Amino acid sequence: MLGKKKIKTSLFRAVFVLLAFFLFANVASVGSVAKFFDHKAYAQEESADGGEEAAAPAEEAVDDNVWKPIAPPVLEAKDYPVISGVNSRIAVWIVAQLHLFFGAFVLAVPIFVWVIELIGVMTKDPRYDHMAHEFMKVAMTGFSLSASFGGLLTMLLIVLYPQFMEYMVSVFGKVMIIYALMFFAESFFVYTYYYGWDRMTAGGNKKLHLFLGLGVNAAGLVIMLLANSWTAFMMAPAGLGDNGAFLGDTWAAIAGPLWGPLNLHRFIANIAYGGSITAAYAAYKVLTTKDAREKAHYDWMGYTSFFVTMAGLLPLPFAGYWLTKEIYGYSQQMGITLMGGVFAWLFIIQAVLIGALFLSSNYYLWCSLGRTNGGDRYSFMIAPIGTVILIAFLMWFTPHTLIMSAGELAQIGDAHHPVLGFFGVMAAKNTAVNILLLATFCSFQIFSRANKKAVGDGFWQKNGTAVQTGLYIAAATNIIALGVYSYFIPAAVRIGLSVPQVCTTLVVLVGGTIIDVLMFKGSREVGEMKWGNMPVRSQYALFLLAVSFTWLMGLMGYVRSGIRQHWHVYTVFRDNSVNAFTPTLPFAANMVTLIVIIFVALVLFMFWMPILASKKKKDPAALEEEPALETGN
Amino acid sequence: MRDLFPILIFSLLVMFGYAGFVTFGIPLIVPAPPPVEEKLSGDITMEQYVAIGDKIFHGKGTCTLCHNTTGHRAPILEMASSDGEPVGVRAAERIKDPRYQGEAMNGEEYLHESLVDPSAFVVAGYGKTGTNDTVSPMPSVNKGAIGLSDVEMGAVIAYLQSAAGVDITVALPTGEAPADDGEEEEVTVAANAQEAFDKFGCSACHMHPLIDEGGDIGPDLGKVGATAGSRVIGLTAEQFIAQSIIKPNAVIAEGFDADTMPDDFAESMTVSELNMLVDAVLHPDKKPDQEPDSTEGE
């Protein structure tokens, strides 16, 4: 039996190594695309300044049997197929957004599942492994839903926008095939990773299992990067001749000016988003389970998910800044359409939503102090932190120009309020958002140390808190001083001051974390964590986090797509359909709400799946083997 | 399922709260419809050509995204400002600047060059970051997303020269005149706002102190001036009213329907008529004889 088992294992490993080889060969080919994607067939001669010469063969080629890159056609409204009773744009909007929601979720969850599993292996604590497995269980249905919506989206685009798809295929045909192949790789890794979990854990093959998890994430990452290249191309096309026809270098089309920042922004946002959805799952289980031990488990799971969300949420604004900066760099016109045109009010809405995210996050952390022995030592800080967050939020939320009645206008004498008007400009908003981040990080720091006491006579054990306090004061002073100073300098210089403000915040985030590590090395616990001992309202804070995040993602999807205005591919391929106009914000908000309602319904289905599966398989013996978490009872 | 109910209600309330805030808590701004190319022939007057340039400048050309006093990301062009005289005046001086590297020989050529090759001369302080004012962030307006035709660029130049009060040197477009029925229609220019209201049939839908018997299909023009400056970020009261006349669907006042007002006044209205109407809406109590002099013939 043992021999057979060994043969099986060897065979399995051989197949795996082969598949892994093919996968990474694909990935590598994307990395060295210059050769792989060089469309020699229609780029007759290589030219240093390419443009016109490379495009010319497309026009001059006499052999009609050779496929040529196409220039974007000039369409009329009648060229767009119509399905009776279906608004093409709305149909694509709904399906694309649902695909993105599930796609983001299933790309994010395996990342932190893998990290949690690794922590479990390193600490030899099976609770991490159990939790990681359960996260993956929740995500499994998401893979099917994401793929189903992806398939539907592709069909809708082919049926409703055939010329657009033909053009995109002319540029990204090879990438699309690789993209589809990557699903085979991801499916292989996902299924072996998930279904092989128990067997590999029990059989001591944890390293192989972790390697499979790495494969899931590598495949997922490549899928995301490739799909992002199409989106980035539509916003900022590259690799095209003057007539908009593809020049033959696919890498140039992929790595356009917005691809990098879009990748980073989506990657970080996906992690935060995935964390918020699993946090909602855990919150639901905390609220519905009666068993104290299970409640403790899911409270811990909720906290871990929340931690993941925070890890993504804190750096997310910086990635957003970079993306916006690159949009301005690519096209000032597009940048101003985004921030100063018809979408300007959208950023007030975004401020409200992000404010809700930060408020709910902080509230959850403050509630968490209650389940921590020793937490009461820091409860005095809640009120000042809350006040700072509220003030920062209100400053961020204040619009520059107020909409007033004639009477109000006459009373104030200006469209800008004499006092509040100062808070509406970027100088105040950059300051407010950095202070908001600092305050949230402070909440997180007091929670993470609530049940710890530094032990020893080392410098950091004795002075760590004082140094951190000094760091916060210095950082806040610097951020506010820069903010005030920026009122007195020209706009072009002012925008540059956001960089030192952001750097100051990052110094506190990184520096504060390092000091924590040094300070609490070998610390002793003040008391045990009372897992499961959380008020109901704290779990609703997690629901608020998940719903707000999802709604925000939908809204930002609208603006990201909307700044292309009446272009399928910005400046290259004009949208001449009857839907070429930019929808108003209220219309978009109602659309987003509708999509999120559909998403919530499907998420409930996704949550129900692991519950359905666990109803038959509950193994009390297995639970007994796992060390129990401290409960609040 | 019973456990789910409060969670679902809570989630729905959050979503509806956000949607409600967007719908009722912020002003409604209707984005402009996609621009269309102006079909021009040689059979237009210079006033009409200037009016079309005005329309392109504030619309399809997207010039005011940057060339405005709010963000001031680019030099102010239409009027005197901290950047100096209006660009129509200063254009002729630019080509004498030691930094100027272009090929223009006069003000009109300079303006044309600025539209198609904005980096030929970058005004100090307005260049791309790190380029020492050698590269302009402005796109070539005859390409890409804007894609103005030569005739449209000519209209913009005519508008900028008109706004600056200098001689309009740009030539009227030549080309096939649209087919007509053989009857010449005499174009008369309104002498004051009251005549302009009559000429363009404003009284059919609007009320105003200068209109004897107005309608209520459109907003009361005696009242809209008070809030015009705060309706759209980046547009002054004058710009907003002008936009509302030339592009009536750009922003629809609450309680009124879109697509009711004719959207071709840019073709039929002279700049002086437009200015008179804007002024009358902004200052509804001003008497007709207090109108500024017509700018005809400039």
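Between rounded, prolate and oblate, where does region B:193-288 land on the alpha carbon gyration tensor, with a ≥ b ≥ c its root eigenvalues, rounded for a/c under 1.5, else prolate if a/b exceeds b/c? Cα axes put region B:193-288 in the rounded bin. Residues within the reach of a label modelled at A:Gln163 (point 7 angstrom out along Cα to beta-carbon, backbone nitrogen below 17 Å), restricted to region A:556-572, are A:566-572.
Using the Cβ-Cβ distance between B:His283 and B:Asp212 with R0 = 22 Å, the FRET efficiency computed as 1/(1 + (r/R0)^6) comes to roughly 0.75. Charge tally around A:Thr513: other residues with Cβ under 15 Å, Lys/Arg +1 each, Asp/Glu -1 each, net +2. Across region B:203-249, Cα pairs under 8 Å and at least six residues apart give a relative contact order of 22 percent. If each of A:Tyr485 and A:Lys124 carries a label point 7 Å out from its Cα toward its Cβ, how far apart are those two points in nm? Between A:Tyr485 and A:Lys124, the label points sit 5.4 nm apart.
Taking other Cβ within 10 Å of each residue's Cβ, how do A:Thr469, A:Thr324 sort, fewest first? Walk me through the numbers on the way to the answer.
Details: A:Thr469 11, A:Thr324 15.
Ascending number of Cβ neighbours within 10 Å: A:Thr469, A:Thr324.
Within 10 Å of the Cβ of each residue in A:543-551, the mean number of Cβ atoms contributed by other protein chains is 4. Over the residues of chain B, the helix contribution to mean residue ellipticity at 222 nm works out to -9500 deg cm²/dmol, using -39500 (n - 2.57) for each DSSP H run of at least 4.
Take the Cβ atoms of A:Ser148 and B:Leu8, set R0 to 22 Å, and the FRET efficiency comes out at 0.40.
Note on B:4-17: average number of Cβ atoms from other chains within 10 Å of each residue's Cβ is 6.
Model label points for B:Thr69 and A:Ile90, set 7 angstrom from Cα along the Cα-to-Cβ axis, are 4.3 nm apart.
Arranged from fewest to most other beta-carbon atoms within 10 Å of their beta carbon, A:Ser443, A:Ser88 become A:Ser88, A:Ser443. Sorting A:252-263, A:293-304 by average packing, meaning the other beta carbons within 10 Å per residue, from highest down gives A:293-304, A:252-263.
Across peptide A:592-604, what mean number of C-beta atoms from other chains lies inside 10 Å of a residue's C-beta? All intermediate terms of the calculation are to be shown ahead of the outcome.
Details: counts 4, 10, 2, 0, 6, 5, 0, 0, 5, 1, 0, 1, 5.
The mean count of partner-chain Cβ atoms within 10 Å per residue comes to 3.
Only Cα pairs under 8 Å and 6+ residues apart enter the sum, and on that basis the relative contact order of region B:193-288 stands at 30 percent. Sorting the segments A:368-376, B:31-39, A:380-388 by their mean number of nearby beta carbons within 10 angstrom, highest to lowest, gives A:368-376, B:31-39, A:380-388.
Of the peptides A:429-440, B:221-232, the ranking by mean beta-carbon count within 10 Å, highest at the top, reads A:429-440, B:221-232.
Here the label points at A:Lys521 and B:Arg99, each 7 Å from Cα along the C-beta direction, are separated by 5.5 nm in the simple model.
Read-outs throughout are calculated quantities, based only on the coordinates presented, and are distinct from any laboratory measurement. All values reported here derive from a predicted model rather than from experimental measurement. A quick note on method: Cβ atoms are made from the backbone with ideal geometry, for glycine too, and the neighbour counts reach across all protein chains shown.
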